[in-house]
Amino acid sequence: MSITNLLNNWSFYRNKRPYRGQYDLNKEYSEYKWAMALDLDICTGCNACTTACYAENNLPVVGKKRFHHGQVMHWIRIERYWDEKMVDFPEQGASFLPMMCQQCEAAPCETVCPVGATSHTNDGLNSQNYHRCIGSRYCSANCPYKVRYFNFWNYPSTAWPAPLPDQLNPDVTVRTKGIMEKCTFCVQRLNEAKSRARTEYRLVRDGEVVPACVQACPTSAITFGNIVDPNSKVAKMWKNQQVDLYKDLQEKDNTVRGYRILEDLRPFPSVMYMERIRDTEA
Amino acid sequence: MINTFEERDVAVEKRFIHKEKDIREDIAWAQINKDVLKSLERPRMLFWVIFIASLALFMVGVSCEIYQYQTGMGVANLDNPHVWGLYIGTFIFWIGMSHSGTLLSAILHIMHADWRKPIYRFAEAMTTFSLMTAGLFVMVHLGRVWQFYYVVAYPNERWTWPNFQSPLVWDATAIFTYLTSSMIFLYIGMIPDLAICRDNATGFRKSFYTFLSLGWMGTDRQWANFRVTYLTVACFLIPLAVSVHSIVATDFAVSQQPGWHITSFPPYFVAGALYSGCAAIITLFIVLRYVFRFEEYMTMPILEKTAKLTFAIAMVWTYLNLVEYSSTWYGDDMYAKQALIYRATGDFAPYWWMMNFLGSVVPFTLAFKRIRNNIPAMLVISILLNVGMWLERWMIVSPTFANGIYPWTWDHDQWPSLVQWGIVAGSFGWFNMLFMLFCKIFPSVSMYEVKEMVYHRSLVRKGTEDATQINPELAVEGGIAS
């Protein structure tokens, strides 16, 4: 980025998100930009997505002690927010919020990594290069959602005793101690689908590939797809909810439920949530 | 009660004429050599006590690090929102400590404050060793320390570069530059003294100092080149010192986290750095003065001047601290405000209040002359100030993780494990060990500059250019180089 470019297009850089092709203002995602829509009204907080993620991405089960130390490795976590304390537990309502890497367009983690181990891919993912990572943990320090998980222990040596390594997913690496990892939108599935589509001279069709969490969700609360394709389900949902990927302040009316978490920090996340509607009179 | 003229004269003399001097003006040059060279031979017993204790502490740190290296960062009891802990806090502390050496040797050198001359050498050594310690903390902190060189921009067959957007890369560059420059500065300033050591040493020490003194003969041409080189490196070092801690501050200031995302961080960090460095200089001043019997050179007026400097910098730091609080309080960033309230009332509140007390209230004791001239009191105060400054760094790093923007971070308790404390303690051992070794091997008081100081002061006192008239000893016993 030259200074002239910056000064001439100051309003652009000030108001729009910096994105992958930021050096070329006309460049947008031409083929793929993976995105998600998550309906909190449908989510039951059943944790099936978390379990599926553990199975798909070779996440280690850390055990009770390390879980309490906060060294747990769930790439997608179900957060629980209690209602205000009018009543005690059985009657007290709770809201669930599945939280995973938001695959931000202007990801705060990417700029601060000293070795460039985390960077943006051509299809709008925030990738993590395990081999390059030196474990400075700056990305996690700067992540507003705190969805990056660090391998504090050498989990491959403890998490899967004798017969268990046979159940590991061969498409995903097993991570050693001292590196950072996070949700990848199941990039191994995406890449496989993309290369299959490429051999047939087409783009990946909508619904052809989904991450493990989407596949496992019993209530179909999570929708995943390519937002560049205007006919995809996720693009339609984003449009219906009047959420624009490239705006940090949405101009929408009160009839829609769509929002993105911590939008005012301007990371331009790729996951849209839809608010839960609570009937307080019932 | 003054009854006679004589008594009045004595009283007046006590008040005005016998004002304590930075250094005795009639001290002979040969005596200076003798006193300083004695520090290379037989220090007091306390030297060995400190040295052995430091070595033991260092060993504790090394064993903790070996354990952590083998097992993983989990033994430090860090967890997923709290990915940084004491390591980064202590890293900032050591980087900060390194700044006062440059302040004393370079900034005061340019400002012609000659009272710095007996104490700048060990302050510079402090700079070098605390930078080394800080560098170790970066290594200790890394998850995969064996690949730390990925941060350095080195040519490789994969054409991969570090991410130049990242403040950590700026950090690595700045610290390496500062470390090399300060080592060169320390060494250059020591060459004439090494020549004196060479002239007085025997045996293997003689060849050691001969090698290091680079054939220094004390000729006019050598002195002229020496002056220019020294001044050039000093001028180079001043902006470097300011930039290093500013860059460490940008590690925090450019991030989005509440409590870190503050514009005033770079000057705040630099002020804090000078503050803790000055306090450390007072501590080491008192220790060296006793251990090596430097009472003649590290005099009370110099200690008092250092204390005044510390007091001034403490007030600058307090001001910038208040600027930080008030700009956060009256600012628009609700996350930052929440983090500030958390620091004052949450789990870290005792340490936060202690930090404010030690950093901003305790230095007011330095306003009293009686305390400034009381060595035990100064020792305690200077250590307290450094404890406060260490707490400050910890309070910058840790509470932000415990009270981040995202609610998920709010209910995570975290307390550093014994491994973390062990490595922090080990760093103090490592620093003290190196520092004590340095003072034993190299002259920790600059002989040639003390001679200059004595010479200039005697000229000023007598108003004459010929120093031999004042002190005939100078003419016979001491040359400039010997």
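Couple of notes before you dig in:
- Screening B:SER382 with (1) touching a residue at least 12 places away in the same chain (Cβ under 8 Å); (2) part of a helix (DSSP H, G or I); (3) more than 16 Å from B:ALA314 (Cβ to Cβ); (4) not β-branched (Val, Ile, Thr) gives one miss only, at (3).
- All of B:ILE262, B:ILE281 fail the test of being β-branched (Val, Ile, Thr) and within 27 Å of B:ILE383 (Cβ to Cβ), apart from B:ILE281.
- Single residue of region B:397-421 satisfying the filter (surrounded by fewer than 22 Cβ atoms within 10 Å (Cβ to Cβ) and among the small types (Gly, Ala, Ser)) that is farthest from B:TRP260 (Cα to Cα): B:SER417
- Residue match in region A:54-68 (condition: at pLDDT 90 or above, open to solvent by less than 20 Å² (accessible area, probe 1.4 Å) and not in a loop (DSSP other than H, G, I, E, B)): no
- Taken together, the residues in region B:49-92 that are away from chain A (no Cβ under 14 Å) and without any contact (Cβ under 8 Å) to a residue 40 or more places away in the chain amount to 3.
- Condition met for A:SER157 (crowded, with 24+ Cβ neighbours inside 10 Å, small (Gly, Ala, Ser) and either without any contact (Cβ under 8 Å) to a residue 24 or more places away in the chain or within 11 Å of chain B (Cβ to nearest Cβ) (or both)): no
- Single residue of B:ALA172, B:ALA134 found to be open to solvent by less than 30 Å² (accessible area, probe 1.4 Å) and more than 8 Å from every other protein chain (Cβ to nearest Cβ): B:ALA134
- Number of residues in region B:289-328 that are closer than 25 Å to B:ARG370 by Cβ, hydroxyl-bearing (Ser, Thr, Tyr) and either touching a strand residue (DSSP E or B) at 6+ places or on another chain (Cβ under 8 Å) or open to solvent by less than 30 Å² (accessible area, probe 1.4 Å) (or both): the value is 5.
- Any hit, region A:145-168, residues being in a loop (DSSP other than H, G, I, E, B) and acidic (Asp, Glu): no
- Taking the conditions (1) open to solvent by 50 Å² or more (accessible area, probe 1.4 Å); (2) under 22 Å from the mean Cα position of the chain (by Cα) in turn, A:THR184 satisfies each one other than (1).
- Matching helices (runs of 4 or more DSSP H) fully within region B:83-153 where at least 3 residues are more than 20 Å from B:PRO239 (Cα to Cα): B:86-97, B:120-141
- The condition (being part of a helix (DSSP H, G or I) and either farther than 15 Å from A:ALA35 by Cβ or open to solvent by 70 Å² or more (accessible area, probe 1.4 Å) (or both)) is satisfied by just one residue among A:ARG276, A:ARG175, A:ARG202, A:ARG198: A:ARG198.
- Region A:107-124, residues that are farther than 23 Å from A:GLY178 by Cα and crowded, with 20+ Cβ neighbours inside 10 Å: A:ASP123, A:GLY124
- Helices (runs of 4 or more DSSP H) within region B:1-76 that include 1 or more residues at pLDDT 80 or above and under 31 Å from the mean Cα position of the chain (by Cα): B:29-38, B:45-71
The values are calculated or read from the model by the stated rules, or taken from the named source; none is laboratory data. Keep in mind the model is a prediction, meaning the values are calculated, not measured. Because the Cβ atoms are built from the backbone with ideal geometry, glycine has one as well, and the counts that use them run over all protein chains shown. Surface areas here come from the heavy atoms of the whole protein model, side chains and all, with no ligands, DNA or RNA. Shrake-Rupley method; radii C 1.70, N 1.55, O 1.52, S 1.80 Å.
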